[in-house]
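The structure under discussion appears below in the form of structure tokens.
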């Protein structure tokens, strides 16, 4: 599908001034406000996708974003460059864009007509309708292609923009029901922050139908059941500015991907100097892989992978049956990478790893040797310039690139007790129980990045490093059970 070229330009113009709002605010968005974008009252209830952008730079969200942007030394330079980029298109924000836009700019997508095709319409309630029409004319006259965008007066001060006139008939509600009155859409919006810079919604059944139509048009079939799309009701997401950073909040209903919430046990042994950590329940992943094995698109590839491994796929999946964790921590030269597993049968898991290690050694000309780390029996796959060590600690299976990766598990300061992890957890609101999470200590990862760049003889420019320093941490997680869950990603800025 192809959007009218004036629509992306308007979106770019709005986002280009993400740091140009005036004033400041410490208001943090509240989740579950149930606010519905006004433009949703103009489009049909069966709309495939709907995106609403806060285009009022005096709003609390833009003021909060402006406050955050002031923490970055390159803010003013970036704004100047963006203004110059707009000027290169013959545009000025105050003269051309601001009066042509209303408090929100919406984009609606409908895919109910035609096999695999979609119609896209932009919606706004401009402060000055004549400025909106003038802006579109200017974009049409300065465009690099022969296609032109068309506009339509939608009544009550609203205007639409599309790549073709027929798109309005397909997207707008006409005499039918509006998206705003769709119970599924309302439920999806209630899962998002009341105030946000951007809100987005995708209708699950419409998405599945669109994928099937597109696949049929290309002469192939796609089994949406293998990915859970046949049961998906909706996916929604929002990006919002908060006092300490930026948050992306999402929600879904109808799919069965992933397991329920749990409190990580494997994190209890992770060394405190780890600057990246990932944990999730493997059962949801293994269930999905089981489905993919019967899928005509993915099954043959998985069968080939099993042949290369030399181990029945079910034995490999058994390794991932419970919690899976992965972390990275500093080491001499290349960082240390460690994978931790919590299998039901420790002996069977080690036997599977023995088979995989032997296969890897044979394929690479390496060898497998036995040894110890911190009193724990360890086997090492020697690949010449690189080694992989694996063994068990209190029933947990560890696979690591570090000479002390197994010995240090469960000893010394732990990640869960470190000041940086606690700060990131408090700032993001990470719950103790979740369906899976990711943590990156950006503050401590930056020096490593600078070191690697220096060793490679490609030192990072000082302006780059200075503009990365305000980034403190990144935390993402999912929560929920059954067919309903939420997703959060938080970038801490200080």
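Taken together, the values in this text are just the output of simple stated rules run on the coordinates, not laboratory data. In this text the structure is predicted, and so the values were computed from the model without any measurement. Note that each Cβ is placed from the backbone with ideal geometry, even for glycine, and that neighbours are counted across all protein chains shown.
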Check: What shape does segment 257-494 take by its C-alpha gyration tensor, where a ≥ b ≥ c are the square roots of the eigenvalues and a/c under 1.5 counts as rounded, a/b above b/c as prolate, and the rest as oblate?
Finding: oblate
Margin query: As an exercise, use a Förster radius of 25 Å and the Cβ-Cβ distance of residue 217 and residue 147 to find the FRET efficiency, rounded to the nearest 0.05.
Written below: 0.70
Notebook entry, point to check: Regarding segment 391-494, what are the three Cα extents along the principal axes, ordered largest first, in Å?
Noted result: 47, 36, 25
Checklist line | Calculated SAXS-style log₁₀ I(q)/I(0) at q = 0.12, 0.13, 0.21, 0.23 Å⁻¹ - segment 62-178, Debye, Cα scatterers | finding: -0.57, -0.66, -1.20, -1.29
Checklist line | Sorted peptide list for 159-165, 305-311, criterion being average Cβ within 10 angstrom, highest first | finding: 159-165, 305-311
Note to self: If I take R0 = 45 Å and measure r between the Cβ atoms of residue 187 and residue 385 in this structure, what FRET efficiency does the formula 1/(1 + (r/R0)^6) give, to the nearest 0.05?
What the structure shows: 0.25
